[in-house]
């Protein structure tokens, strides 16, 4: 099992060739690991990711792409004390992370789950003028990292 993305080892090293340029994995240092595990379990579970545990305070999720490659996401506490306990969206670093949804209904269903679980939603589902039919919801994780789930007919008909 890969320690960063949870992918099972392949007996044939040439069996899966990851698509060049696809994201391999993302490690997120979070201020509130336990709250973040529950949050990401809801969001990533909704999107089809499978959870795997790494160590206390650290766990991950993996999603296998159609080509067989895997996207891994791991959350863990910071290695050093953070100067602040919330991510600053417009400071240097990541602004937001957006995931594809299968449909507008998929976006709406996640929104309902977030609200039902008591999470605040920054921007409820709405159409945006990025491309025709672009539909998204945006929300912050417990550490303030902005996430979005997007249905875009131009890239996912």
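Before moving on, here are some points about what is shown:
- Here is the figure for the stretch 93-143: residues that are in a loop (DSSP other than H, G, I, E, B) and in contact (Cβ under 8 Å) with a residue 60 or more places away in the chain total 5.
- Scanning the stretch 68-82 for residues that are at pLDDT 85 or above and either outside any strand (DSSP E or B) or over 17 Å from the mean Cα position of the chain (by Cα) (or both) yields 68, 69, 77.
- Residue match in the stretch 30-49 (condition: within 19 Å of residue 140 (Cα to Cα), under 17 Å from the mean Cα position of the chain (by Cα), free of Cβ contacts under 8 Å to residues at least 60 places away in the same chain and in a strand (DSSP E or B)): no
- The residue that is farthest from the chain's Cα centre (by Cα), counting only those in the stretch 83-100 that are modelled with pLDDT under 75 and more than 11 Å from residue 144 (Cβ to Cβ), is 83.
The values are calculated or read from the model by the stated rules, or taken from the named source; none is laboratory data. These figures come from a predicted structure and were not determined experimentally. Backbone-built Cβ (ideal geometry, glycine too); neighbour counts: all protein chains shown.
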